[in-house]
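Data block below; observations after.
Where a number appears in this text, it was derived from the coordinates with a stated rule and is not lab data. The structure presented is a predicted model; accordingly, all values stated were derived computationally and were not measured. When we count neighbours, we look across all protein chains shown, and the Cβ atoms used for this are built from the backbone with ideal geometry, even at glycine.
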Amino acid sequence: MSIYFLMIVALAGSYFLFKNRPLDFFTIAFFSSVIYFFPAFFGLVSVPGFTGVTREIEPLAYLPYILVPLLLLVFAFVHDHIPRHHDHSEHSRMLSPAVMSVLSERQPFMTTAELVLYTAAFIATVGFLFLGWSEIVTPGKPIYGREHAIYATIVPIAFACSVMMRRYGLATLFLVALAVDVIAGNREAIVFAVGAAILIRYLSGRPVRLSESWKALLSGLLLLSALIVYKEINAAFMSGNYDLVSSRLTSPDWYRMILMRFEPFTTQAILTDSVRTDLIYDGPYFYNLIHSVVPMAQNFGFNVEDNIGQFYDHVLYPFADFGVAGNIWAEGYMIGGWPLMTAYIVLYALSPWWINALFHRASLAFRPIIAVSAIAFLFFIHRTGLEYNLTLQVRIWAMGVFLLVFLPCLLPRKYLPISMMERRGAASSDRERPEISPTRSLPDES
């Protein structure tokens, strides 16, 4: 089965890398899937709880590894070849050069968007210093609370918004906050932020060859490698054991070891072991999906401990001293067998089409929220499972709408709203268009 996987990934990878097409959410979904399907290149997974112990991937477990990239390729090809009729209103919402020039202007007064970003920076700083500082500086992996969840949601959205507005000073401030969060052992927020910023900056609808953007690809690969390496030295670094940090970073054997400890090798073990043991979960899965969209569900009597993640941790990996994240494809198999797993695969492969349409029709105020939400879904669904991902989506949209939609309504009217900036950008774009009939004279105003 591995040969089919390699052929499909090579074919789809050639399309997304060398085809002259816009960078879009199909691209994000494909490369996210390749990262989390990385063990399929080797045909092995790591057994959680037993360092250095590996197991061959079950042949039937290759179904998601083959179907996901194949369907993404098919749907992207169809999406790229369907004629589209862009009306004026949709064009005005695109990040055209005229709109970007308006966003980049230095106004004599602060825009609403800038004021919102400064407010976000203040909220993040206060939360970081006074509510989450004890968690950040504690050696070992901290136990994050609600304050940190708010912090790690607001900062990526604000970072993406500041990149969209080309306010790079503010973007640097948010990036520093995210870097400190990484030092504390949290990687989600910076992945959300950087991924969303790339989408905001480059998802313009213009065809590009991704292979020619080798600097951006190399930067992304280096960031991913740094996050993987730092995860393995975080405990030693935070406890001040710098000799151990140095010895690990200079050891070739250590780098070979962390390759097999790379998170996809353990998350994909869930799928292989579920198929191998024909594991069935008859717990309250769909009930848990409902309470996952209820903020602070445990305060309303929901039992948040009885979930599918706890189930396979206890049944499959009782000797593991850590949580084994999640696997959306294993969830589908354990709940509804091959039919539900296949349905999850088809819905995931179709989702970039819907997100593309939503993003291009959304106003600028919603773009950063959609971008962060899409990264959380297309990338992190591979390791969170559906229940926690729904919780993430509710958190991102609640914080995003509060920050970029509700908060501006409370500000004085003398500030320039984002919607007005869009209208000015659209008007500028209209003025830049050539006249349809240049010989036609204007009416006399005298």
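Here HIS81 and VAL229 are evaluated by their C-beta separation; at R0 = 41 Å the FRET efficiency comes out at 0.50.
Once the chain from VAL315 to ILE280 is taken as fully extended at 0.36 nm per residue, the excess over their C-alpha distance is 11.5 nm. Based on the reciprocal of the average 1/r between different C-alpha atoms, the Kirkwood radius for the range 1-56 equals 12.9 Å. Temperature 10 °C, viscosity 1.306 mPa s: under these conditions the Stokes-Einstein estimate for the range 302-396, based on its Kirkwood radius over C-alpha pairs, is 107 µm² per second. Going from the fewest other Cβ atoms within 10 Å to the most, the residues TRP354, TRP329, TRP254 appear in the order TRP354, TRP254, TRP329. What the Cβ-Cβ distance of VAL405 and LEU259 gives, at R0 = 60 Å and to the nearest 0.05, is a FRET efficiency of 0.85.
Enter the Cα centre distance for the pair the range 3-61 and the range 179-235, rounded to the nearest angstrom. When both Cα centres are located, 18 Å separates them. I need the calculated FRET efficiency for the pair LYS215 and ALA343, taking r as the beta carbon distance and R₀ as 41 Å, to the nearest 0.05. E(calc), rounded to 0.05, equals 0.60.
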